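This report concerns only the one structure given below.
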Amino acid sequence: MLRFIASRLLQGLFVLFALYTITFFLAKAMPGEPFTTEKNLSEESKAYQRALYGLDKPLLHQYLIYPKNIITEGSLAVSTSKGRPVKDIISQSFKVSVVLGLSALGIAICIGVPIGVISAVRRNSWVDWGTMAVAMIGICVPAFTIGPLLQIFIAANLPGIKVAGWGNPQDILLPAITLGLSTAAYLARLTRGGMLEVLSQDFIRTAHAKGIPASKVITRHALRGGILPSVAFIGPAFAALISGSFIVETIFQVPGMGQHFVNAVISRDEFLLLGVALFFGFLIVIMNLAADILTGILDPRVRITGNSSK
Amino acid sequence: MRITNILCLLAAALLTGACKEGETAVDRATREGILIMGNTSEPKGLDPHIVSGVLESNIISALFEGLVVAHPSKDGVALPGMAEKWYPTDPQRPDEWVFELRKDATWSDGTPLTAEDFLFSFRRILSPSLASDYSFMLYYIRDAEPYHKSQRSFLTCRNDESFPVKWETLKKVDFGPNEKGETDFNKKGLDHLNAEQIRELEYDPSLFQWPESVSQAVRQILLEKNLEFAESGKDLWELIDFGATAPDPHTLRVKLNSPIAFLPEITKHYTWFPVPKHSILEHGRIGDRFTEWTKPENIVSNGAFILTSWKFNDHIQVERNPRYWDKENVGINGIRYLPISNLYTEDRMYFDGQMHITYTLAPELIEYARERYPNQVRNELYLGTYFIRTNVTREPFTDPRVRMAFSKAIDQQSMITNVLKGGQKPAGGLVPPFGDYRPAKTIGFDPEGARQLLAEAGYPGGKGIPEIEFLTTDKETSKANAEALQAMWKDNLGVSIRIRQMEWTSYITTMFEKDYGLAAGGWIGDYMDPLTFLDMWMKDGGNNRTGWHNEEFEALLKKAGNTGDPQARYRVLEEAEALFLSETPILPLYWYTRNYLIHPDVKGWDPLILDNHPYKFLRLERNPNLSEQNPNP
């Protein structure tokens, strides 16, 4: 197991470096620079600014100095558009995104998994078709439609719920629903598929034959296997949820991390862009690893192969 | 289960169509005397010398105060701020100004504020290592520009009587950075080479390209002077004869390059605000950009308010400054700024009772808001012009008749009523109307005249005209505007143009490189004077981007610069604008208006063309008959 984790971590490092290289050169290939403004700066001012951020150095030097600074100083440079360290921006906005992402994931699991189980058990009934139709809508309707609808119909009418803003616990509700709904829909479909496969297997028939109550067969025996596809999906989905969403954040005025992915590109803020891209890559690597470990714990077959490779 | 409970609650609320009751955020804020306003986005910082945007200006003007203060309802009127009195030493030629500072002025930590703070501030914003975006706002002061631009060659040679040639003959030398320079040293600029690089250059002259007209002897002198100064380790500050001085702690004397009767207007800009010398030096050196002096726990300011809370991307809050000189007359207890970038979210938050003033009102919502909240929608003229640049270096816009034809073929009013819908004003010229400045109205819709001009230029009915590309941004509204113009030119001139949308920075870059035929654009004035719109069209102006220039126009601007009498100066500037418009390097479309929502509780918020509202004059009061009215949709 340890060797498995170590090898995955090493692969992860390689992935991050590849990600860095691609992002760095793509950022450099963008037309314009951070100091391109509508009101033109003098050549002198632009030169001073480039020097300030080290952007006057040769490209290779810039390419090498950034990872060097991460390793030696733990520094992610200073954002050219926000004028503050990228590390501060990420640490402040990530906290918000984690809260929102966890809530969204909670909502997604609480809605998605039960619906998937029910529709698998009641296969080909109106319950199945109905819930799956709703799930399809959940996948298809984008957040920029759901968000404003929730604002107009729920927040504007419900006491205690604000249209937008962040700070009180109830402010989490609407953005979390908006963010979690499509994940819930995916989970429902994945759970249904996984459950259908497990329910048709022999050991379920045996369990039923032994006289175990149907509810126990489903929760104890079937769900454990049926949920596996969802677990594999939740890992990266979790990384995506907690790294924020530009749309949900701008609609609900949430100070999360997602907006920086978009705004960094618009303002040619390559340090912020590199920072959030690498951080997101790091999350994906870690979450995938966690999902793999969790699958190993849940699925004896994986555990056995894992053991044999030791 | 809790989820089901919540869902039931939601359903019940929806079914009953329950309306929100109880105190909204605005109700509470009014009661507490806190103004809540939308401010589009997170500020880049609160250091007046580093930021360059309107949203930062909105916060900085609450925290800091300059020499004079804007009038709450009259444009172009200055009230006493840090200065009690100000006057030019010679009213006929206002090129030297005296500001008598108030003796009771202090910083929010109790330290007295003196003329020395202003001198320190001016020097700081002009420090090259600070890399301030907006330092050019101080270029009016004698020797500010050569210091900020580090013009070492000029400063070391200008007082040398033995220098063999006139300085003007050296214009083509790359003293400053030249991006298109052939060698690395040309790219850096002679003035910016360090001692080692200059020695290298003396050894190998091919490292720097000189214009051929510059003699070997002059080159040698320039190199020697540069090397001598670079080796001395001195700061260029020691070489200049800076225009601002402090004869005593409460007097600031500012000597300008040329007479400027509207200098008090310029000092309203935050680049002229004082910053606390003692606090800045405590956290770093004068030219250090990334210091912590503006952090909420450190910041010391001199305005009507002090910073109390700054939550990144969430809000900024300022509250009364107990040490402010005019604290008795400050009408509100504080201001909370919300960085809301999505304009629809902002409007919904306003309707939900979460803020007093929005930054903007989405054009689609203007009708809706006017019907429901007629007294809360504002539409005000703003000091800005929207226009279309023509590339006069590219066919067919090399011919001024074609440019004029394109301008006359635009039906501005129809564009405003049918496409923009924001109550903009058709632009009769470049400079928006204000004060005593009265430009001749030269631009207007005249399709017949347009066709005639185009025919005269050799393109009757648009035949034979080269392909034209219209550059604009990638916003949805930009596309609608571009298509409306496209249709107008097609109908009125018979010319088909191609629309090219680009993402913002690419659009600016492309425009700068003059890779366009027509380009959408605009300009917001920095201060209340026509010059803020006119001086950008000089030959080497970084914001010109059209390739147009005209010696007569520049001569007129120069003449205006040397005219002391404000009225006479306006007449010269009017002449310059008329000349500019007759050449039509740009096609003026409309004068900006600002649409926004304002809650009836806010008193004393009057229309101002620069939109800089001095917050201390505001009041928050609830009208008794309005408390029943709930601003929910």
Report summary line: In whole percent, the fraction of accessible protein surface over region B:197-290 that belongs to carbon or sulfur atoms, probe radius 1.4 Å, stands at 48
Report summary line: Counting only DSSP beta bridges fully inside the protein assembly as shown, the antiparallel percentage to nearest 5 is 80
Report summary line: Summing +1 per Lys or Arg and -1 per Asp or Glu among the other residues with Cβ less than 11 Å from B:GLY76's Cβ gives -2
Report summary line: The alpha-carbon pair-distance distribution computed for region B:69-165, with 10 angstrom bins and whole-percent values, is 12, 29, 36, 16, 5, 1
Query - chain A: angle of helix A:59-73 to the longest principal axis, Cα-based, in degrees nearest 10 - result: 60
Requested in this report: Pop the C-beta distance of B:ASN194 and B:GLU161 into the FRET formula with R0 = 35 Å and round what comes out to the nearest 0.05.
Outcome: 0.80
Report summary line: Computed from the beta carbon distance with a Förster radius of 51 Å, FRET efficiency for B:TRP237 and B:GLU371 to the nearest 0.05 stands at 0.25
Query raised in the report: Which whole-number percentage describes the relative contact order of chain B, with Cα contacts under 8 Å and a sequence gap of 6 or more?
Result: 20
Query raised in the report: Debye sum, Cα scatterers, region B:322-403, no solvent: what log₁₀ I/I(0) at q = 0.15, 0.17, 0.26, 0.27 1/Å?
Result: -0.77, -0.85, -1.25, -1.29
Query raised in the report: Whole-Hz Karplus ³J(HN,Hα) for region A:269-275, in order, using 6.51 cos²θ - 1.76 cosθ + 1.60 and θ = phi - 60°, x for Gly and Pro?
Result: 8, 5, 6, 5, 4, 4, x
Query raised in the report: With the other protein chains left in place, how much accessible area per residue, in square angstrom, belongs to region B:413-459 at a 1.4 angstrom probe?
Result: 48
Requested in this report: At a probe radius of 1.4 Å, figure out the A/B buried accessible area, summed over both chains, and give it in Å² to the nearest 100.
Outcome: 4800
Query raised in the report: Under the Karplus relation 6.51 cos²θ - 1.76 cosθ + 1.60, θ = phi - 60°, what is the ordered set of whole-Hz ³J(HN,Hα) values for region A:246-251, x standing for Gly and Pro?
Result: 4, 5, 4, 5, 6, 5
Query raised in the report: What fraction, in whole percent, of alpha-carbon pairs in region A:123-188 exceed 17 Å separation?
Result: 48
Requested in this report: Please list the non-local residues whose amide H lies under 5 Å from the amide H of B:GLU84, H modeled 1.01 Å from N, same-chain partners needing a gap of 5 or more.
Outcome: B:GLU100, B:LEU101, B:ARG102
Requested in this report: May I ask for log10 I(q)/I(0) of region B:276-368 at q = 0.13 Å⁻¹, from a Debye sum over the Cα atoms as equal point scatterers with solvent left out?
Outcome: -0.64
Query raised in the report: So what does log10 I(q)/I(0) come out to for region B:171-298 at q = 0.15, 0.18, 0.19 Å⁻¹, using the Debye formula with one equal point on every Cα and no solvent?
Result: -0.97, -1.06, -1.09
Query raised in the report: Where in region A:10-39 does the label zone of B:GLU179 land, with the point 7 angstrom along Cα→C-beta and an amide N cut-off under 11 Å?
Result: A:32-37
Query raised in the report: Which whole-number percentage describes the relative contact order of region B:297-342, with Cα contacts under 8 Å and a sequence gap of 6 or more?
Result: 34
Query raised in the report: Per Stokes-Einstein, at 37 °C and 0.692 mPa s, what whole-number D in µm² s⁻¹ belongs to region A:191-236, with the Kirkwood radius over Cα pairs as the hydrodynamic radius?
Result: 304
Query raised in the report: When Lys and Arg each count +1 and Asp and Glu each count -1, what net charge do the other residues less than 14 Å away from A:VAL217, Cβ to Cβ, add up to?
Result: +4
Query raised in the report: Based solely on its DSSP helices, what 222 nm [θ] is calculated for chain B when runs of n ≥ 4 H residues each add -39,500 (n - 2.57) and the sum is averaged over all residues, nearest 500 deg cm²/dmol?
Result: -9000 deg cm²/dmol
Report summary line: Whole-Hz Karplus couplings 3J(HN,Hα) for region A:176-184, θ = phi - 60° and coefficients 6.51, -1.76, 1.60, Gly and Pro as x, run 5, 4, 4, 6, x, 4, 6, 5, 4
Query raised in the report: Given chain A, what count of lysine pairs have C-alpha atoms under 28 Å apart, with each pair 8 or more places apart or on different chains?
Result: 22
Report summary line: With B:ASN298 itself left out, Lys, Arg at +1 and Asp, Glu at -1 over residues whose Cβ is under 9 Å from its Cβ give -2
**Report entry** Amide H contacts of B:TRP107 (H built 1.01 Å from N, under 5 Å, at least 5 apart or other chain)
**Finding:** B:LEU113
Requested in this report: List the residues of region A:42-79 that lose 10 Å² or more of accessible area once all protein chains are present, compared with their chain alone (1.4 Å probe, heavy atoms only, no ligands or nucleic acids).
Outcome: A:SER42, A:GLU43, A:GLU44, A:SER45, A:LYS46, A:ALA47, A:TYR48, A:GLN49, A:ARG50, A:LEU52, A:TYR53, A:VAL78
Query raised in the report: How many nm is it between the label spots at A:ARG224 and A:ALA290, if each spot is 7 Å from the Cα in line with the beta carbon?
Result: 2.4
Query raised in the report: Translational D (Stokes-Einstein, µm²/s) of chain B at 4 °C and 1.567 mPa s when Rh comes from the Kirkwood sum over C-alpha pairs?
Result: 47
Requested in this report: For region B:161-206, list whatever residues lose no less than 20 Å² of accessible surface once every protein chain is in place, relative to that chain by itself, with the probe at 1.4 Å.
Outcome: B:PRO177, B:GLU179, B:HIS192
Report task. Could you please state how large a percent of the accessible area of region B:502-595 is carbon and sulfur, counting protein chains only and using a 1.4 Å probe? Result -> 52
Report summary line: Residues meeting the amide H criterion for B:VAL69 (H placed from the backbone, H to H distance under 5 Å, 5 or more places apart or on another chain) are B:LEU79, B:GLY81
Requested in this report: Leaving ligands, DNA and RNA out of it, report the carbon-plus-sulfur percent of the accessible area of region A:28-106 at a 1.4 Å probe.
Outcome: 64
Query raised in the report: Any residues in region A:249-279 that have 10 Å² or more less accessible area with all protein chains than in their chain alone, probe 1.4 Å, and which are they?
Result: A:THR250, A:ILE251, A:GLN253, A:PRO255, A:GLN259, A:HIS260, A:ILE266, A:ARG268
Report task. Compute the accessible area per residue over region B:161-232, keeping the other protein chains in place, probe 1.4 Å, unit Å². Result -> 64
Query raised in the report: Largest first, how would A:LEU59, B:LEU201 line up by accessible area (1.4 Å probe)?
Result: A:LEU59, B:LEU201
Query raised in the report: When the helices in chain A are scored as -39500 (n - 2.57) per DSSP H run of 4 or longer and the sum is shared across all residues, what 222 nm value do you end up with, to the nearest 500 deg cm²/dmol?
Result: -23500 deg cm²/dmol
Requested in this report: May I ask you to give the solvent-accessible area per residue for region A:95-197, in square angstrom, as obtained with a 1.4 angstrom probe?
Outcome: 43
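The values are calculated or read from the model by the stated rules, or taken from the named source; none is laboratory data. For clarity, every value in this text was computed on a predicted model and none was experimentally measured. Heads up, the Cβs are rebuilt from the backbone with ideal geometry, glycines too, and the neighbour counts pull from every protein chain shown. SASA here: full protein model, heavy atoms, side chains in, ligands and nucleic acids out. Shrake-Rupley method; radii C 1.70, N 1.55, O 1.52, S 1.80 Å.
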